[in-house]
Structures are given as C-alpha cells and as structure tokens.
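Here the structure is laid out as structure tokens; the discussion comes afterwards.
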Amino acid sequence: MTKENNEFIKQYLNETGLLIEGLDSRQILKVAEEIVSVFRKHGTVFVFGNGGSASTASHFAADLSKNTVVDLSSDAEKRFRVVCLNDNIPLMAALANDLGFEHVFSQQLMGLAQEEDLVIAISGSGNSPNILRALEVAKKKKCRVAALLGFNGGKALKLADSFVLVNSGNYAKVESIHLLLEHLLCSLVMLSLGKKNKFFP
C-alpha cells in the first residue's frame with residue numbers, strides 16, 4: 001500500500017463522513033414520519049431508482065417487508081405493504097421496449113398506486129426522466145411523495161413532499177449514504193412503532 005493510496009483512503013472516508021454530518025435530521029425525520037403514516041393507514045410504499053439506486057430501492061423494500069417484523073412466525077403482526085418497481089425486470093423490459101425507458105415506473109404506478117400511498121424515489125441527480133414521470137403520476141393520484149436525492153436535488157426536489165438531500169455531486173458517495181439512510185429510516189420507523197429486533201434499531 002503506497003502512501004498516496006493511504007492518503008486517498010483517509011480523504012475519501014473523511015469526505016464521506018463530512019457529508020453524513022451535514023445531513024439534515026429534520027428532513028430524515030419527516031421521511032420517517034411519512035413511512036409510519038402510510039403503515040398506519042394500511043397503504044402501500046412504492047420505492048424505485050436507477051442503477052445503484054435501484055439496488056438501494058430493492059434493499060429498502062426487503063428491509064421494510066421483512067426486517068420491520070419482530071416475530072416472523074406470528075400471523076397477527078402487521079406487515080408493511082411494499083413494492084419495489086425496479087424488481088419486475090420482464091415488465092420493465094416490456095415497457096421500455098414498447099414505450100421507452102422513461103415510462104418504466106410511471107406505467108406501473110398507473111395500475112397500482114392509490115390515494116395516500118407513499119411513493120419513494122431514490123436518485124442521485126433527481127433529473128432522470130423515468131423518475132420525474134413516476135413522481136408526476138404519483139402526484140396526480142394524490143399519493144405522498146418522498147425522495148432520497150443527491151447533487152442539488154434536481155427537478156425531483158420540487159415534486160417531493162419530503163426528501164433527504166445528500167449535498168454532493170459524487171455518485172458513489174451519494175449512493176453509499178442513501179443506503180445508510182435506508183437503514184436509518186427503518187430504525188426510526190421501528191422506534192416510532194415501539195418495536196425492536198436484531199436488525200433495527
């Protein structure tokens with residue numbers, strides 16, 4: 001390991017740490033409150049993203065679905081209703097082929113979303129056409145809209161009822177912190193519901 005590599009590691013971790021310290025706790029709490037609210041209203045959470053954000057969206061859906069349950073053997077314990085829109089690859093491919101990639105999320109929401117559901121977009125730039133189309137459909141359907149964003153939030157920022165902004169133009173750092181935020185939000189949800197397990201909080 002060269003001295004230069006050592007310095008790069010320290011710098012990278014320090015910069016990422018500063019971005020984490022700069023997060024707005026009020027923004028984080030507001031998104032967590034939206035998630036708790038839709039759970040109490042028996043609504044559905046829809047989450048989605050592109051690329052690395054798609055992976056985080058899948059992870060988020062898995063955690064909300066399974067890891068917010070204290071006793072998986074219990075039939076009585078209430079579960080989250082969660083759908084990750086980027087997990088249905090055949091449907092996404094069909095929509096992209098027939099209409100264009102900008103429609104892969106919005107078309108799914110047209111068929112699934114209902115008033116007072118929660119739509120969560122995860123995006124680095126906040127300007128991807130398929131993200132924006134989906135959020136526009138969500139607003140028309142009177143869904144609540146939350147977003148995990150980077151850069152300056154892009155156009156998605158104006159469409160979101162709540163958001164957490166990672167103030168960086170570096171995709172890798174933004175995506176890393178979005179994954180951390182996903183886990184933090186699940187922990188806050190569990191605290192709000194008075195629940196605890198080996199995953200959260």
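The values are calculated or read from the model by the stated rules, or taken from the named source; none is laboratory data. Just so we're clear, the structure is a prediction, and the values are computed from it rather than from any experiment. Note: ideal-geometry Cβ built from the backbone for every residue, glycine included; neighbour counts use all protein chains shown.
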Point to revise | Among residues of the range 169-179, those that are closer than 28 Å to residue 139 by Cβ and surrounded by fewer than 20 Cβ atoms within 10 Å (Cβ to Cβ), counted | key: 3
**Study point:** Checking residue 80 against (1) farther than 17 Å from residue 150 by Cβ; (2) aromatic (Phe, Trp, Tyr); (3) buried (at least 22 other Cβ atoms within 10 Å of the Cβ), the condition it does not meet
**Key:** (3)
Review point. How many of the residues in the range 12-40 are in contact with a strand residue (DSSP E or B) (Cβ under 9 Å, 6 or more places away or on another chain), exposed (fewer than 15 other Cβ atoms within 10 Å of the Cβ) and outside any helix (DSSP H, G or I)?
Key: 1
Review point. Mind checking which pairs have a first residue in the range 34-49 that is free of Cβ contacts under 8 Å to residues at least 60 places away in the same chain and a second that is of a type in the set (D, E, K, R) and part of a strand (DSSP E or B), Cβ under 8 Å, 6 or more apart or different chains?
Key: 42/81
Exercise for review: Considering (1) surrounded by fewer than 16 Cβ atoms within 10 Å (Cβ to Cβ); (2) assigned to a strand (DSSP E or B), say which one residue 91 fails and leave the rest.
Suggested key: (2)
Review point. Just for the range 94-127: of the residues that are closer than 26 Å to residue 37 by Cβ, assigned to a loop (DSSP other than H, G, I, E, B) and not hydrophobic (A, V, I, L, M, F, W, C), which one is modelled with the lowest pLDDT?
Key: 116
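Anything in the range 144-193 that is charged (D, E, K, R), assigned to a helix (DSSP H, G or I), more than 17 Å from residue 26 (Cα to Cα) and in contact with a helix residue (DSSP H, G or I) (Cβ under 8 Å, 6 or more places away or on another chain)? List them, or say none.
Step one: list which residues in the range 144-193 are charged (D, E, K, R), which gives 144, 155, 158, 161, 173, 175, 182.
Now restrict to residues that are assigned to a helix (DSSP H, G or I): 158, 173, 175, 182.
Filter again for more than 17 Å from residue 26 (Cα to Cα), leaving 158, 173, 175.
Across the range 144-193, the qualifying residues are 173, 175.
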